[in-house]
Amino acid sequence: MREDALHMTLAFLGEVPERRLEELQALAATVRLPQVQVRLDRLGFWNHNHVLWAGSKSALPEIAALADKLQAVMLEAGFLTEVRPFAPHVTMLRKLLHPGTLPDLAPVEWTAAEFVLAKSWRSDRGSAYETVAHWPLQEVVGQL
């Protein structure tokens, strides 16, 4: 995957009619969620679609809560027809037939400070993504 295509999908909306984009963006702007820590420290492979992905060895409850909240809001507004279990991952490589033994992945960590609405399309050069809008996640202030 190209660096500009790396992402973690929180809610997959599929095709959204152009006439509903403004409504979708207004709805997303009402979502108030905290910033979350993201840690990728393992590689995995899905044989059914030949995807090599990076994920986390341990549960990511904060990211799962973020995805669950977004999916619930989108479901209620009719942008989703079902809520899918969240599988936190970043696709690294598509169309890999035989991954062999996967190497260890040195941990990569960051704080996710925003979520975005992106549109995607496929071409002969692979998947392409364009950010349509973005919204901040709320900074968590620790107690003294």
Margin query: Give the aspartates and glutamates reachable from K57 as a straight Cα distance under 17 Å; neighbours fewer than 8 places away on the same chain don't count.
Written below: D41, D104, E109
Note to self: Just to be sure I understand the curve: with the Debye formula and one point per C-alpha of the chain, what is log10 I(q)/I(0) at q = 0.14, 0.15, 0.16 Å⁻¹?
What the structure shows: -0.76, -0.88, -0.99
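Could you order peptides 82-90, 64-72 by the average number of other Cβ atoms within 10 Å of their residues, highest first? Please report the intermediate quantities before stating the final value.
Details: 82-90: 14.0, 64-72: 18.4.
Ranking the peptides 82-90, 64-72 by packing returns 64-72, 82-90.
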Next item on the list: Using DSSP to define loop residues, name the GluC sites (Glu not before Pro) in the range 1-81 whose beta-carbon has at most 12 other beta-carbon atoms within 10 Å.
Entry: E15
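With runs of 4+ DSSP H residues as the only contributors, calculate the mean residue ellipticity of the chain at 222 nm using -39,500 (n - 2.57) per run, divided by the residue total and rounded to the nearest 500. Walk me through the intermediate numbers first.
Details: 2 runs with 25 residues, N = 144.
Helices in the chain give a 222 nm mean residue ellipticity of -5500 deg cm²/dmol.
Read-outs throughout are calculated quantities, based only on the coordinates presented, and are distinct from any laboratory measurement. Not measured: the values here are computed from a predicted model. Please note: Cβ atoms are built from the backbone with ideal geometry, for glycine as well, and neighbour counts cover all protein chains shown.
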